[in-house]
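First up is the structure itself, then whatever we jot down about it.
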Amino acid sequence: MPYSRKYELERIAVLNALNVLDRDLGKSLDPITQLAAFTFDVPIVLVTIVDADAQHFISKVGTQITYTERDISICACALDAETDILEIPDLSKDQLFASNPMVAHDPFLRFYAGAALVTGSGHPLGTLCLADYKPRQLSAEERRQLLTLSRIVMTHIELKLSVGRRELVSGMHNHRQLQADLRMLAARKTPETLYAVMTDVMNSQTVNDAWQVLGVSPMESLIRQAGHRLMQLLGDDAKVYHVGSTRFAFICRGHSKDAMNALLLRLNEGMRAQVLASGVPMTPLFHAGVVPFHATAAEAEDVMRKALIAMHAAINAETPMLWYDPLRDDQLKRAYRLAIDARDGLQGGEFHLLYQPRVRLCDLKVSGAEALLRWNHPDLGLVNPDELIPVLEKTALMLQVTRWVIAHAIAQLAQWHRTQPHLHMSLNLSAHDFNDEGLNKYLLSVCADHRIDPHSVEIEITEGQWIKSHKHALPQLIGLKAHGIRIAIDDFGSGYSNFGYLAELPINVIKLDRSLVSGLATSPTTRLKTQAVINLTCELGYTTVAEGIENLDELRLLTEWGCDEGQGYLLARPMEAAQALRLASGPALDPRSYPMSDR
Ligand code: C2E
Ligand code: MG
Ligand code: MG
């Protein structure tokens, strides 16, 4: 079938997507052009690529020219010729080409025969062509040979382009091929809605464990079998790509959203059947992220990133499949922005601390304060630590920020101590801070620099088994406590609270999570639970602090049950240092007298 010019724009897009003007590709074709010159006994043989404005001679015999304007390209006419080969025995006698400068002037070409180089997708890229300074005519056999050689050239081009596009473990096409195919879809402006799917067939923890215990062979076998199973299950529906160690991707077309849901559920069932991986029975998992898209260049660039986000959401939600959610994407972009801007923000003075007073419940006097981090981002506004800390923890900046918090909060405490020496300061530490082996020394040296007795400093760590499993945490906590720093367990009761492990930790203070405080007045179960926890923490000798006290009933009950201290909006919100000092210097708090709107 001759190629129709009405698809010219698409052809150019495909050509660009394939990157066929690469110099190495042309050089690798030289032996074939030389063979053709010898076989056909012609002075000029060219492999040409015809793009929008020019024809490029990517491999050539018999000329030094590397390209000409497209207007004078004879090869351009070979692309949409009615026959496989465009042959002009004498160009000077041909109505169309007689006035062509290559014919009418130097080099005075007379003979031309060109066979189009057509991709698997049916797009002609250019030609393999022969030219001579004298007229001649190819025999039928020569025409056949020219055609065969042009196909060899095309196969060679396609093979060259596919190097590095297979995954070694599975032998399947990899992410490079997927990107090339996506570019091709975009180039062809495939009109319907497409669906990109990314799947993971094992969770990362299992992968790590399995590598260690079973070694390479069963793992690779499992991954291979999972990939091939996916291929079988999908059949003609889609081509599968092996895009990461345990990840596969595919693009579906011609489906509705419902059909995609049904397909993925079917895959989920099919994939989870047991396999024998190098003799070891194992079960692949199936978590998929799906995103609909249209084949434009911009979407093709971004679509696998979106599928990956959806897949991670599916893994986190422990569900077989989730659709891409742009909101989640925005959150990730925002987190990325925070991670990038944090260093400048810290150095540029955009970080600051607020202090939430802590109050003794027996007399409602301020006993100290907790330092709470804030970031005034120039574009994003106020960023709270609940959002910021998890981002920082994934960067190398967490330790620096913690040191900054320590330095500023202790300096603040020293200032307060000039008039209120009884105040203590609480600092929040994250699990990641314990990777900083010099943290203890730093904290103690900052205290020493400001002549602060370590007994007036408390660090808060969130409850969790991580403390025991974190090899640096426990010795550091023990070291800090030995120097007088008080250790508090923050948010106690928010997760899998367990008194058992508390005994193994060097703890002075238990901070009851807000979930044990809010609802005290209305929920009998919370009342029972909270009272029991307070009884136990008191009996075990810990100082008990209630977080998140928001109303008078909560305050009354907690005080009656013997809770030592409290924090919460009812008593005092996080505030600037000077305001906290004013509160601490004044008489006992009187929350009953506060206007309702402040509670
Ligand atoms: P947290 O240590 O449990 O701090 C208590 C959080 O609850 C604070 O939020 C505080 O503003 C808020 N809060 C206090 N009273 C009430 C109340 O009555 N009602 C309600 N609804 N909330 C109340 P914030 O400041 O947004 O901090 C959130 C978390 O971020 C903190 O929880 C702490 O875990 C972490 N964080 C804060 N500053 C730092 C820091 O410098 N380093 C680290 N690693 N984490 C920090
Ligand atoms: Mg805290
Ligand atoms: Mg807390």
For the chain, what does the relative contact order come out to in percent, with C-alpha contacts under 8 Å and a separation of six or more? 8
Residues of region 79-98 with backbone N under 19 Å of the label point set 7 Å from the Cα of Y133 along Cα→Cβ are 89-93
Of all DSSP beta bridges having both residues in the chain, the percent classed as antiparallel (nearest 5) is 70
Taking 0.36 nm per residue of separation and subtracting the Cα-Cα distance, what length does fully extending Q232 through I72 add? 52.6 nm
Using the Cα centre of the chain as origin and beta-carbon charges of +1 (Lys, Arg) and -1 (Asp, Glu), tell me which of H255, Q64, P357 is placed farthest towards the positive end of the dipole. Q64
Expressed as a whole-number percentage, the relative contact order of region 256-341 with C-alpha contacts under 8 angstrom and at least six residues apart is 24
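Hey, which of these cross-link pairs are over 25 Å Cα-Cα: K365/K441; K239/K394; K481/K529; K306/K394; K481/K511; K394/K529? Before the final figure, lay out each step's value.
Details: K365/K441 32 Å; K239/K394 35 Å; K481/K529 29 Å; K306/K394 21 Å; K481/K511 17 Å; K394/K529 35 Å.
Violating the 25 Å Cα-Cα cut-off are K365/K441; K239/K394; K481/K529; K394/K529.
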Rounded, prolate or oblate: which fits region 376-482, taking a ≥ b ≥ c as square roots of the Cα gyration tensor eigenvalues, rounded meaning a/c under 1.5, else prolate when a/b beats b/c? oblate
Rounded FRET efficiency, nearest 0.05, which uses the C-beta distance separating E269 from A317 and R0 of 30 Å: 0.95
Förster radius 25 Å - calculated FRET efficiency between R374 and Q331, Cβ distance, rounded to 0.05: 0.80
Taking 0.36 nm per residue of sequence separation and subtracting the Cα-Cα distance, how much length would be gained by fully extending the chain between K27 and V280, in nm to one decimal? 86.3 nm
In region 415-517, trypsin sites (Lys or Arg not before Pro) in a DSSP loop with at most 10 other beta-carbon atoms within 10 Å: R418, R451, K471
Counting all C-alpha pairs of region 269-407, share separated by more than 25 Å (%): 55
For the chain, just run the numbers: alpha carbon Rg, then divide by 2.2 N^0.38 Å, N being how many residues it has. 1.45
Rounded to the nearest 0.05, what FRET efficiency is calculated for R451 and E504 with R0 set to 25 Å and r the Cβ-Cβ distance? 0.15
For A414 and A588, extending 7 Å from Cα along the Cα-Cβ vector and measuring point to point gives, in nm, a value of 3.4
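Compute the relative contact order of region 86-219 as a whole-number percentage, counting only Cα pairs closer than 8 Å that sit 6 or more residues apart in sequence.
Over region 86-219, the number comes to 14 percent.
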Taking the Cα centroid of region 117-185 and of region 360-400, what is the distance between the two, rounded to the nearest whole Å? 61
Enter the Cα centre distance for the pair region 514-560 and region 302-323, rounded to the nearest angstrom. 40
Translational diffusion coefficient, Stokes-Einstein: compute it for region 175-324 using the Kirkwood radius over C-alpha pairs as Rh, at 37 °C and 0.692 mPa s, and state it as an integer in µm² s⁻¹. 210
Send over the per residue convex hull volume for region 5-162, Cα only, as a whole number of Å³. 105
Would you mind working out the magnitude of the charge dipole of region 335-589 relative to its Cα centre, with +1 at each Lys and Arg C-beta and -1 at each Asp and Glu C-beta, to the nearest 20 Debye? 380
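Identify the GluC sites (Glu not before Pro) of region 122-214 meeting these criteria: DSSP loop state and at most 10 other C-beta atoms within 10 Å of the C-beta.
E192
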I'd like to compare 457-463, 405-411: which one has the highest average count of other Cβ atoms within 10 Å, and what's the full order after that? 457-463, 405-411
Quick one: length gained pulling V163 to A262 fully straight, 0.36 nm per residue minus the C-alpha distance? 32.1 nm
Modelled label-to-label distance, N535 and E387, 7 Å Cα→beta-carbon offset: nm? 4.3
Among the GluC sites (Glu not before Pro) in region 4-100, which ones are in a DSSP loop with at most 14 other Cβ atoms within 10 Å of the Cβ? Mind listing them? E82
Accessible area of the chain with a 1.4 Å probe: how many percent of it is carbon plus sulfur? 53
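The values are calculated or read from the model by the stated rules, or taken from the named source; none is laboratory data. The structure displayed is predicted, hence computed values, not measured ones. Glycine gets a Cβ as well: all are built from the backbone with ideal geometry, and neighbour counts include every protein chain shown. These area figures cover heavy atoms from the full protein model, side chains too; ligands, DNA and RNA do not enter into them. Shrake-Rupley method; radii C 1.70, N 1.55, O 1.52, S 1.80 Å.
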